[in-house]
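Written out below as structure tokens is the structure these notes cover.
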Amino acid sequence: MKKIDIHCHVTAFPQYAPPRHNGTNTLSAEQQILIHDKLNVDIGVLLPDCSPEGIYLQTTNEETKFITAQHPERFMWFCNVDPRMVTNDKKADLGHLLNHYKSLGAKGLGELTATIYADDPRMDNLFYHCEQNDMPVLIHISPVETGTYGIIDELGLPRIEKMLKKYPDLKLIGHSAAFWSEISQGLTQDERNNYPKGKVEEGKLPILMREYGNLYCDLSAGSGANAMMRDPEYAARFIEEFADRIYYGTDVCAANATFQYDFDVFLTKMVDDGMISSTNYEKIIRKNAEKLLRIEVN
């Protein structure tokens with residue numbers, strides 16, 4: 001079965017993109033497709049970067065739609081709307097923007113990385129408009145205000161929980177180290193933006209997953225991979241319990257990255273060893289995304 005990758009970042013203009021300090025560059029569509037071919041992925045969801053925090057290069061909604069139109073058989077897309085857009089006010093009509101991009105084919109919003117608190121009135125306003133417009137939101141959570149990026153929340157994700165409770169029809173797709181580190185208890189503030197190791201002792205994330213049916217998970221990046229690979233036995237239990245709300249993703253940010261291949265081998269081995277069912281594996285790598293993206297299945 002071909003996979004759907006819920007988390008991709010590319011640029012239409014790699015020749016103009018500034019290199020990061022580590023010498024890597026934002027992927028072109030062609031580079032992303034090569035990686036997808038190796039991973040047996042036939043559809044990738046492009047996520048524009050519109051918030052300035054944590055990035056070297058902004059990729060706009062318009063650019064992302066343009067790339068999708070150039071490769072309609074390989075990409076779909078989310079739009080991105082920063083909660084400070086239009087008037088930087090808690091009453092800004094962000095629904096006007098969401099409706100526009102939805103009319104162009106955007107299937108959701110993300111990756112949401114604005115570094116303001118998760119329950120800030122402006123963030124609250126964005127969540128309200130996303131719920132009203134049936135737009136799922138892929139969020140990147142940050143543990144602090146500076147030095148990183150993402151919507152800010154404390155240990156235990158109390159502000160995210162507040163939003164989950166306030167907007168029960170809003171699909172929030174969690175992502176980032178600060179999100180996935182909450183899979184285990186005993187977490188310290190210093191560990192939140194890293195990849196904690198060792199056996200998982202069930203933490204706040206699975207509790208929130210049980211309590212709120214509108215919380216979903218994105219397995220992309222080293223953060224998602226680490227959360228699963230650090231404790232395969234617990235990962236199997238987590239997947240079996242929440243298989244209907246987990247999405248496969250890569251979030252590859254450099255052409256020379258290899259973690260995505262290691263994680264692909266890990267997931268496949270979980271099925272081969274009988275740790276997770278083939279039915280739930282298929283949900284994660286494709287079927288859940290088909291529902292989210294409203295892909296018609298023959």
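For the reader, a short list of remarks on this structure follows.
- The set of residues in segment 19-28 that are surrounded by fewer than 20 Cβ atoms within 10 Å (Cβ to Cβ) and modelled with pLDDT of 90 or more contains only Ser28.
- Residues of segment 76-83 include none that is surrounded by fewer than 21 Cβ atoms within 10 Å (Cβ to Cβ) and assigned to a strand (DSSP E or B).
- Restricting the first member to segment 247-269 and to residues that are in contact (Cβ under 8 Å) with a residue 12 or more places away in the chain and crowded, with 23+ Cβ neighbours inside 10 Å, and the second to residues that are among the hydrophobic types (A, V, I, L, M, F, W, C) and part of a loop (DSSP other than H, G, I, E, B), the beta-carbon pairs closer than 7 Å and six or more apart or on different chains are Tyr247/Leu219; Tyr248/Leu219; Gly249/Leu219.
- Gly95 being touching a helix residue (DSSP H, G or I) at 6+ places or on another chain (Cβ under 6 Å) and either surrounded by 14 or more Cβ atoms within 10 Å (Cβ to Cβ) or modelled with pLDDT of 95 or more (or both): yes
- All positions within segment 110-152 that are closer than 16 Å to Gly95 by Cα, within 14 Å of the chain's Cα centre (by Cα) and not in a loop (DSSP other than H, G, I, E, B): Gly110, Leu112, Val137
- Selected residue (only one of Met1, Met76 is farther than 30 Å from Gly147 by Cβ and out of contact with any strand residue (DSSP E or B) (no Cβ under 6 Å at 6 or more places or on another chain)): Met1
- For segment 49-72, the tally of residues that are aliphatic (A, V, I, L, M), in contact (Cβ under 8 Å) with a residue 40 or more places away in the chain and in a helix (DSSP H, G or I) stands at 1.
The values are calculated or read from the model by the stated rules, or taken from the named source; none is laboratory data. Treat the numbers as computed from the prediction; the structure is a model and nothing was measured. Quick reminder, even Gly has a Cβ in these numbers, built from the backbone with ideal geometry, and neighbours come from all protein chains shown.
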